[in-house]
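Novice: I have a structure I would like to understand better, so I am pasting it below and will then ask my questions one at a time.
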Amino acid sequence: MTSRGGDLPGVVGGAAPPVGGPAPAMTPLRERPREGAAPPPRTGGAWRFTAPATEASVPRLRREVRDLMRRQPVALTEDLVHSVLLILSELVTNAVRHAALLSPEVGVEFSLGAGWVRVAVEDAHPYRPKALAPEPGGEHLGGRGLLLVKSLAAEVGGACDVDQTGSGGKVVWAALPLSPG
């Protein structure tokens, strides 16, 4: 496992199942240990969802992750839950709008560890997006989703990055501390 920003979790390349064929109906996978990683903390784990790369998947994935966060034994603040869900919405929307042509489904992974929460969105498109700078005068209202994600993560002492997968796609992830730093 690669790591970015201290002990915030990184991404393991190629962690998603191959894209193609009919997409499962957002079936969560069981917690799974990562190769070479210590077992997840007792109050943590990693959950993965897949969904078609369509606009309808954005609210469905938000609900799945929201419900999953509510079931966790560790108390997550309302601010953290809202931040995670906003980040998830932005990243899934980006995948749906910009990668669907080459990626008929998206993968979402939600991880909870000792002191952090992480959300990652994977697609099969090779383009690695960059956050657009704010525009003076604000003429264009769209196209700043990744900037928003990076800003939210940085504001609380978290991290956000884009990693390439072993299959040539990408994973865009954000990790936030459970307690703002």
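The values are calculated or read from the model by the stated rules, or taken from the named source; none is laboratory data. Since we're looking at a predicted model, the values are computed, not measured. These accessible areas exclude ligands, DNA and RNA; they are computed on the full protein's heavy atoms, side chains included. Shrake-Rupley method; radii C 1.70, N 1.55, O 1.52, S 1.80 Å.
Novice: With all protein chains present and a 1.4 Å probe, how do Val149, Val81 order by accessible area, largest first? Before the final figure, lay out the partial values.
Specialist: Working: Val149 0, Val81 20 Å².
Putting Val149, Val81 in descending order of accessible area: Val81, Val149.
Novice: Please give the solvent-accessible surface of Asp79 in Å², to the nearest 10, using a probe radius of 1.4 Å with every protein chain present.
Specialist: Asp79 exposes around 120 Å² with every protein chain in place.
Novice: Under the Karplus relation 6.51 cos²θ - 1.76 cosθ + 1.60, θ = phi - 60°, what is the ordered set of whole-Hz ³J(HN,Hα) values for region 111-128, x standing for Gly and Pro?
Specialist: Running phi through 6.51 cos²θ - 1.76 cosθ + 1.60 with θ = phi - 60° gives 10, 10, x, 5, x, 8, 10, 9, 10, 9, 10, 10, 9, 8, 7, x, 5, 9 Hz.
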